[in-house]
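This report concerns only the one structure given below.
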């Protein structure tokens, strides 16, 4: 029996090491799974998931001031651009401003009725397009809007309800999730030419609608 004791002890030690290694492997796998789940809930870049807006011409090719594009929705001309790709933190929310454009739009006749709701100059008007991604880095459901107010260098003010892209970027955000898309605001006062805009986000609210982070103002200059 005494001769068997060393073998029994060795067997127990090897079994214990195997159990520890298994626990480490399981924990590592769970961490990888968690990171993978968060990554999958994150949206891709705007170009990867781009879906044309049904009311507006595709402006993705407009990158230089003065460029014009035509399609079956009308004609768009780029009059100003700010290529930012900058991130801003509003509490647990990360907001990435991709690009902001000032665009002149001449919609086709069939789309004029849609824009008549937003402006009397529905045959020809200018609008500001804001491309944005918002990320909820917390494990709680939050409420947030990327643009609550927008003011131009000509002191024209727009609110979130004036957004005609209607991609529902504001509102509830699930834990560890993201939203991305664009917002469009028609501006009537563009003489003199717009030099800058100032965006004001909403506050970040928790599920009980309590403020957990105050709104932030972001000023952007056009090139």
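So, in segment 83-94, exactly how many residues are within 17 Å of residue 223 (Cα to Cα) and buried (at least 19 other Cβ atoms within 10 Å of the Cβ)?
Residues meeting the conditions: 0.
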query = Taking into account only those residues within segment 101-114 that are over 19 Å from residue 181 (Cβ atoms) and in contact (Cβ under 8 Å) with a residue 24 or more places away in the chain, which is surrounded by the most Cβ atoms within 10 Å (Cβ to Cβ)?
reply = 107
request  = Run down 176, 207, 221 and say which single residue is at positive phi and touching a residue at least 60 places away in the same chain (Cβ under 8 Å).
outcome  = 176
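Got a sec? Which of 122, 168 is under 14 Å from the mean Cα position of the chain (by Cα), surrounded by fewer than 19 Cβ atoms within 10 Å (Cβ to Cβ) and either within 18 Å of residue 93 (Cβ to Cβ) or in the same structural domain as residue 89 (by TED's automatic domain parsing) (or both)?
Numbers: 122 fails: under 14 Å from the mean Cα position of the chain (by Cα).
168 is the lone residue from the list that is under 14 Å from the mean Cα position of the chain (by Cα), surrounded by fewer than 19 Cβ atoms within 10 Å (Cβ to Cβ) and either within 18 Å of residue 93 (Cβ to Cβ) or in the same structural domain as residue 89 (by TED's automatic domain parsing) (or both).
Which count do you get for residues in segment 68-81 that are surrounded by 15 or more Cβ atoms within 10 Å (Cβ to Cβ) and either outside any strand (DSSP E or B) or modelled with pLDDT under 95 (or both)? Don't jump to the end; show me each part of the working.
The initial filter retains those residues of segment 68-81 that are surrounded by 15 or more Cβ atoms within 10 Å (Cβ to Cβ), namely 69, 73-81.
Still in the running and either outside any strand (DSSP E or B) or modelled with pLDDT under 95 (or both): 73.
Residues meeting the conditions: 1.
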In segment 204-216, residue surrounded by the fewest Cβ atoms within 10 Å (Cβ to Cβ) [restricted to those that are more than 16 Å from the chain's Cα centre (by Cα) and assigned to a strand (DSSP E or B)] = 211
task = Tell me which residues, restricted to segment 190-202, are surrounded by fewer than 19 Cβ atoms within 10 Å (Cβ to Cβ) and at pLDDT 95 or above.
result = 195, 196, 198, 200
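The values are calculated or read from the model by the stated rules, or taken from the named source; none is laboratory data. The model shown is predicted, which means the values in this text are computed figures rather than measured ones. Heads up, the Cβs are rebuilt from the backbone with ideal geometry, glycines too, and the neighbour counts pull from every protein chain shown.
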